[in-house]
Amino acid sequence: MRYAVVSDIHSNLEAFQVALGRLEGDDHLLCLGDIVGYGPNPNECLELLRGRINTTVLGNHDVAAIDNFGIEWFNPAAREAIRWTQGVLNAENKAWLNTLGYEYRDPAFLMVHGAPSPDYFEYILDKDTARKAFDSTDAPLILIGHTHIAEMYALAADGTISHRHFQNGGTVELDPAFRYIVNVGSVGQPRDLNPQASFGFYQPDERRIEVTRFDYPIAAVQEKIECAHLPEVLARRLGLGR
Ligand code: ZN
């Protein structure tokens, strides 16, 4: 049994296609939200995702696209992209987004976009916010996205937290004596200064998560962003990985 864990696709079809090309047929897709927003292909990304076995939770951009929730917190470029997304999203994809929940709990793991309840869209950016997240659930493994930074926090039985980045990918061997928060990074808009897209493979039986980074045709996406008259900054940041 293998899961492919993706997050923050953000309507970047080219990156998502390359990620899916690395999957095997029966890999179950776990999607941590923000399928849409920022990028030029929301419908195409949703259709690709829906075409596979998947378990998906809502991200803040998905919620904003379907009902404007939280849009006042968005920066101007993000807000403009959400308005654009609302204009192009087809009824079927919008209806599908509407069926999704904010969390999914399996005995072995919890999936949320940003952080466990009560604030699903809080940013886990340091050991303090990681500790708060560990305290909010008993899940041994918390799978998150939202920050677009591939990294992990490990909580030892004595309460100490260790931290590691996956700027160039890496592997976590899940020790049953620890609890983990793993952020697989972003498929469609990485922000850890590596413009390569990021996602993970999770093998529960082997107790292993591998975060992998890969190239995709960035220039093609930048051109589409320009043609769609989306904010230019959204194209530029793809090339910088920030
Ligand atoms: Zn996002």
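The values are calculated or read from the model by the stated rules, or taken from the named source; none is laboratory data. Quantities reported herein were computed from a predicted structural model and do not represent experimental measurements. Reconstructed Cβ throughout: ideal geometry from the backbone, glycine too, with neighbour counts over all protein chains shown. What goes into the accessible areas is simple: the full protein's heavy atoms, side chains included, and nothing from ligands, DNA or RNA. Shrake-Rupley method; radii C 1.70, N 1.55, O 1.52, S 1.80 Å.
Picking from 141, 193, which residue would you name as being open to solvent by less than 10 Å² (accessible area, probe 1.4 Å), aliphatic (A, V, I, L, M) and in contact (Cβ under 8 Å) with a residue 40 or more places away in the chain?
Going through 141, 193 in turn, the sole match is 141.
How many residues are more than 23 Å from residue 142 (Cβ to Cβ) and either free of Cβ contacts under 8 Å to residues at least 12 places away in the same chain or buried (at least 24 other Cβ atoms within 10 Å of the Cβ) (or both) if we restrict to segment 22-35?
Here the count works out to 1.
Is it true that residue 19 is touching a residue at least 40 places away in the same chain (Cβ under 8 Å) and within 13 Å of the ligand (Cβ to nearest atom)?
Taking the combined requirement at face value, the residue does not satisfy it.
Give me the residue from segment 36-57 that is hydrophobic (A, V, I, L, M, F, W, C) and open to solvent by less than 10 Å² (accessible area, probe 1.4 Å) and, out of that set, nearest to the ligand (Cβ to nearest atom).
First pass over segment 36-57, keeping only residues hydrophobic (A, V, I, L, M, F, W, C): 36, 45-46, 48-49, 53, 57.
Applying the additional criterion that residues be open to solvent by less than 10 Å² (accessible area, probe 1.4 Å) yields 36, 45-46, 49, 57.
On the way: 36: 10, 45: 13, 46: 15, 49: 15, 57: 12 Å.
If we take residues in segment 36-57 being hydrophobic (A, V, I, L, M, F, W, C) and open to solvent by less than 10 Å² (accessible area, probe 1.4 Å), then 36 is nearest to the ligand (Cβ to nearest atom).
Right, residue 212: of a type in the set (Ser, Thr, Tyr), within 24 Å of residue 128 (Cα to Cα) and within 14 Å of the chain's Cα centre (by Cα) or not?
Answer is no for this residue.
Residues that are away from the ligand (no atom under 16 Å from the Cβ) and out of contact with any Leu (no Cβ under 9 Å at 6 or more places or on another chain), at least 2 per element: which strands (runs of 3 or more DSSP E) completely within segment 132-217 meet that?
Because the criterion is at least 2 residues that are away from the ligand (no atom under 16 Å from the Cβ) and out of contact with any Leu (no Cβ under 9 Å at 6 or more places or on another chain), the strands (runs of 3 or more DSSP E) in segment 132-217 that meet it are 151-155, 161-165, 170-173, 208-214.
Which condition breaks for residue 69 when tested against (1) open to solvent by 50 Å² or more (accessible area, probe 1.4 Å); (2) over 15 Å from residue 94 (Cα atoms); (3) of a type outside the set (Val, Ile, Thr); (4) within 16 Å of the ligand (Cβ to nearest atom)?
(2)
Any idea which residue in segment 218-238 is nearest to the ligand (Cβ to nearest atom), counting only those that are open to solvent by 20 Å² or more (accessible area, probe 1.4 Å) and within 19 Å of the chain's Cα centre (by Cα)?
The residue in question is 237.
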